[in-house]
Amino acid sequence: MNSAREPDILLAKSQRAGREALSLEKHLRDTDQCAVEIFSLKNRWGRNWCRFFRLSQEEQQKKFFLNLRIAALFHDIGKANEDFYRAVTAPQRIPQMLRHEHLSAFILCLPEVRRWLAENPSVDVDIVTAAVLSHHLKASETGVWRWGQTRRIGRLRLFLSHPEVNSTLKRIAEIANLGTPPALAARFWEDSEQWVRIWDDGSTAARKLSRSIGLDRDRLGLLLAVKAGVIVADAAASGLVREGYAIEEWIRERVDTPDLVPCHIADAIIDKRLAQITQKKGKASPLRPFQVSTAQQGSRVLLLAACAAGKTLAAWKWAEAQARDCCIGKVIFLYPTRGTATEGFRDYVGWAPEAEAALVHGTSGYELEAMASNPPEPVEGKSFQKLTEDQERMFALGLWSRRYFSATVDQFLGFIEHNYTGLCLLPLLADSAIIIDEVHSFDRRMFDALIAFLQNFDVPVLCMTATLPTSRRQQLLEAGLTLYQAEDDAELHKLEIHPRYRLARISGHDEAMRDAIKAYRNGDRVLWVVNRVRVCQEIARQLERALGIKVLAYHSRFRLLDRQRIHAATVEAFQQSGTPAIAVTTQVCEMSLDLDADVLISEVAPISSMVQRFGRANRHLAKGMDFRAKLYIYSPEVAAPYTKDDLKAATEFLEDLGTGDVSQRAMADLLEKHSLHVRDPKADGRARFLDGGYYAVRGAFREPDEYSTPCILTSDVGDVRSRITAKQNYDEYIVNVPEKFALRDAPPPDWLPKYLGVANGNLYDPDLGFGVTDGEEENPST
């Protein structure tokens, strides 16, 4: 390009070898086409998208569609500048003075552009500007992503009179029935009085919009639908063109699918799972009354039922009913951890045809590869695979064709904190019946996000758990859920009031050690649960010395390949009734392990954690109604990782529970009683996605882990580098280690992803995990 004139073609992306250059005008039109194909109000996806954002009136829906298309055509118009052109044509990366989407928003704030768009009263100029400015999730009022923040001093040459820009503006005029587009005469952007005034006007408009959406729920819904829609359409246009797909054909194959109907869910999952249970038990296993009646509770339900009662089958029956009552295309089952999501796939989602089922979490590719080498019954003979290379390059778009999902809650609900993957998966979420399991385990930030989600979006949702503090239960009900406690199920009630356990308080570690050794030698299956990894490792070593056997130790500080092996070994050991087994675990057992212990030893922990731990004993009443699992409880030496108040409340709960025979119902009733006195701040319903207005910056869905950091071991560096070089999966080598054990003497290798550190491999044992030292405070998620 001669610096004295404009380029003949404005580029939207860097040109790839062997591919035709993608012009800016074509990319903008491609994004508009994707918006039309994905969100057409004639399609179920478009109608469900509007329902999700509570745009129920036809006028609102038409307004959404119009503003989405205008934003799609405007979103990258700021790339019409000399810096961007050089950045995508120069052999080396050149820093740009101003982010292109920030410049796009400046153009939308030009007085002549605002007047022109305002000719159509259905065009909400501020919503269009907000969607354009925020579509890369790097725009804020202050801070590093401040709108208009420049990276150098000087002037930026603009190409706003280029034929591609004029043609795009004419296309907008046609869509919105506007007059002749204004001639954009600006030749330069600079830190001048003119542009400062435009920024001031835009910032004022941004503040007014923030105030407006706080008072006008309809306008908030329109804003959110358009902002998210632009991100989805841009992701689709960029990914499909990059990978050589025909936009219309690819999208229609995924959007124009038949509605999900009850027989689909029954045939794909429910009937096959029931047949498997019948085969294992050797007799017919009809659904329990509560599993049937859960489906009759409506589209927004909170299900409380005891551990091992059969909540998951009840949830799938509920999804079956939603497919009858609502026009949906998918079922999404969300779990709090990768382990529980993987188990949900193994037991249920895996029954579905491989083209319809998906496991979605941070290490799902590795889990699917490992599953294929030793397939459980639901996936036997199938070829479930991770996304292909081109699908991975398209991020979440590769999952659009699936119907049944087992996923971590972050993957889908993370959109509410501006997670990009979650936003690209949002059309699927809006087209689904959603089941959210183990809601008792959500940390404060996750629970706040869940409440904000329930309050602001219209989609069928079932939340479920065995235990829930009163304050959280009340907040879920206030957010629109209907409580169903399955009290009309006489059989389930009988099981809940049956005394499964015999509880005893013991003096401490030494007495617990004697009880564990004695129980194992008597042929019992013994599960010992502690609150810290270091304690778990030390008890496992002590038991090995005393018993002369290999003792299973299970916690979060293993490489994935070792954690998967130990997980499977622990589950298998406790499935063998009549054969002695012993394992020491941390909090991971509370959700990710389906165990059936005869003896459970536990340190005192928060009340809800205690109840979940108890649920790992005598879980299936396999030894008959007269058998009582022994529960031995003692106080830990230190409160960490919990607070003294947590343990004080738990101690009072245990004192009230007493000793001797105990039922699940007694624990649930006392949990409700004692949780009334626990301070649990009320969720305020706030989230970045809801509050962003003009702006959008990524946040965190979970509370940050201040104790651990993901690393690879020095002993694995060579293998990991080889895998990265070969573009192969290396998830199995990642281990969470205490922050202070990440090596800081030298920076990590430049080929290693920035989120990973390096830790000393000499501190790692494949059977005990990463070693820690005395006095370390640990994260309760371990």
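Going by accessible area, probe 1.4 Å, with all protein chains left in place, what is the ranking of Glu164, Glu377, largest first?
So, going from the largest accessible area down, we get Glu377, Glu164.
Step through the residues of segment 559-567 one at a time and calculate ³J(HN,Hα) from phi using the Karplus curve (6.51 cos²θ - 1.76 cosθ + 1.60, θ = phi - 60°), rounding each to whole Hz and writing x for Gly and Pro.
Once rounded to whole Hz, the list reads 4, 4, 5, 7, 4, 4, 4, 6, 4.
Run the numbers on segment 658-745 and let me know its relative contact order in percent, using alpha-carbon pairs under 8 Å that are six or more apart.
Once divided by the residue count of segment 658-745, the mean separation gives 25 percent.
Using only alpha carbon pairs under 8 Å that are at least six residues apart, calculate the relative contact order of segment 599-728 and give it in whole percent.
With pairs under 8 Å counted, the relative contact order is 22 percent.
Between segment 299-348 and segment 589-629, what is the C-alpha centre distance in whole Å?
So the two Cα centres are separated by 23 Å.
With the Cα gyration tensor of segment 279-426 in hand, give its eigenvalues times 5 under a square root as the equivalent ellipsoid semi-axes, listed largest first in whole angstrom.
Rounded to whole Å, the semi-axes are 26, 21, 14.
Segment 230-258 to segment 482-507: how many Å between their Cα centroids?
Comparing the Cα centres of segment 230-258 and segment 482-507, I get a distance of 50 Å.
What list of whole percents do you get for P(r) of segment 693-739, with Cα-Cα distances grouped in 5 Å bins up to the one holding the largest distance?
That works out to 5, 17, 18, 15, 13, 13, 10, 5, 3, 1, in percent per bin.
Taking R0 as 35 Å, what FRET efficiency do you get between Tyr420 and Asn374 from their Cβ-Cβ distance, rounded to the nearest 0.05?
0.55
Report, in deg cm²/dmol and to the nearest 500, the calculated mean residue ellipticity at 222 nm for the chain, where each DSSP H run with n ≥ 4 adds -39500 (n - 2.57) and the sum is divided by the residue count.
It comes out at -13000 deg cm²/dmol, rounded to the nearest 500.
May I ask you to list the aspartates and glutamates whose Cα is less than 16 Å away from that of Lys382, ignoring any residue fewer than eight positions away on the same chain?
Asp347, Glu354, Glu356, Glu367, Glu369
If I model a spin label at Lys673 and Gln149 as a point 7 Å from the Cα along the Cα→Cβ vector, what separation in nanometres do I get?
Roughly 5.4 nm, to one decimal.
Quick one: Cα centre-to-centre distance for segment 1-78 and segment 159-178, in angstrom?
Centre-to-centre (Cα) distance: 13 Å.
Where in segment 522-541 does the label zone of Glu511 land, with the point 7 angstrom along Cα→C-beta and an amide N cut-off under 19 Å?
527-531
Quick one: ranking Ser663, Ser722 by accessible area, 1.4 Å probe, largest first, what do you get?
Ranked list, largest accessible area first: Ser722, Ser663.
Does segment 1-134 come out rounded, prolate or oblate by the C-alpha gyration tensor, with a ≥ b ≥ c the root eigenvalues, rounded set by a/c under 1.5 and, if not, prolate when a/b is larger than b/c and oblate if not?
Prolate shape, in that a/c is at least 1.5 and a/b is the bigger ratio.
Taking N as the number of residues in segment 229-293, what is its Cα Rg relative to 2.2 N^0.38 Å?
1.90
What ³J(HN,Hα) values, in whole Hz, does the Karplus curve 6.51 cos²θ - 1.76 cosθ + 1.60 give for segment 661-670 when θ = phi - 60°, with x put for Gly and Pro?
Listing the rounded values in order: 5, 9, 10, 5, 5, 4, 5, 5, 5, 6 Hz.
For the chain, build the charge dipole from Cβ charges (+1 Lys, Arg; -1 Asp, Glu) around the Cα centre, then report which of Val461, Ala80, Ser556 sits farthest towards its positive end.
Checking the options against the dipole of the chain, the answer is Ala80.
Classify segment 89-222 as rounded, prolate or oblate from the Cα gyration tensor: take a ≥ b ≥ c as the square roots of its eigenvalues, call it rounded if a/c is under 1.5, otherwise prolate when a/b beats b/c and oblate if not.
Verdict is oblate for segment 89-222.
In Å², what does the accessible area per residue of the chain work out to with a 1.4 Å probe?
I get 41 Å² per residue for this part.
Over 32 Å between Cα atoms: which of Lys550/Lys630; Lys317/Lys550; Lys42/Lys727; Lys138/Lys727 fall into that group?
Correct reply: Lys317/Lys550; Lys42/Lys727.
Quick one: 3J(HN,Hα) in Hz for segment 341-350, Karplus 6.51/-1.76/1.60 with θ = phi - 60°, rounded, Gly and Pro as x.
My calculation for segment 341-350 gives 5, 5, 5, x, 5, 4, 8, 10, 4, x Hz in order.
Starting from segment 219-306, pick out the trypsin sites (Lys or Arg not before Pro) whose DSSP state is loop and whose Cβ has at most 15 other Cβ atoms within 10 Å.
Lys283
Considering only segment 618-769, what is the antiparallel percent among its DSSP beta bridges, to the nearest 5?
So the antiparallel bridges amount to about 65 percent of the total.
What residues have an amide H closer than 5 Å to that of Leu11, excluding those fewer than 5 places away on the same chain, when H is modeled at 1.01 Å from N in the peptide plane?
Leu24
Which percent, to the nearest 5, of DSSP beta bridges fully inside the chain are antiparallel?
25
Report the accessible area of His136, computed with a 1.4 Å probe over the heavy atoms of all protein chains in place, in Å² rounded to the nearest 10.
Around 60 Å² of this residue is reachable by solvent.
What is the set of long-range amide H partners of Ala759 at a cut-off below 5 Å, with H atoms built 1.01 Å from backbone N?
Ile712, Leu713, Thr714, Leu743
Please compute the contact order of the chain in relative form: average sequence separation of alpha-carbon pairs under 8 Å and at least six residues apart, divided by the residue count, as a percent.
14
Tally Lys and Arg at +1 and Asp and Glu at -1 over the other residues with C-beta under 13 Å from the C-beta of Val144: what net charge comes out?
Result for the local shell: +4.
List the residues, sorted by chain then number, that are 5 or more residues from Asp661 or on another chain and whose placed amide H is less than 5 Å from its amide H.
Under 5 Å from the amide H of Asp661: Leu503.
Between Gln296 and Leu477, what FRET efficiency follows from the Cβ-Cβ distance if R0 is 25 Å, with the result rounded to 0.05?
According to the calculation, E is roughly 0.85.
Under the rule a/c < 1.5 gives rounded, and otherwise a/b versus b/c splits prolate from oblate, where does segment 653-734 land using the Cα gyration tensor?
It is oblate, given that a/c is not under 1.5 and a/b is not larger than b/c.
The values are calculated or read from the model by the stated rules, or taken from the named source; none is laboratory data. All values reported here derive from a predicted model rather than from experimental measurement. Using ideal geometry, Cβ is built from the backbone for each residue, glycine included, and neighbour counts are taken over all protein chains shown. Accessible surface is based on the protein model in full, side chains and every heavy atom, while ligands, DNA and RNA are left aside. Shrake-Rupley method; radii C 1.70, N 1.55, O 1.52, S 1.80 Å.
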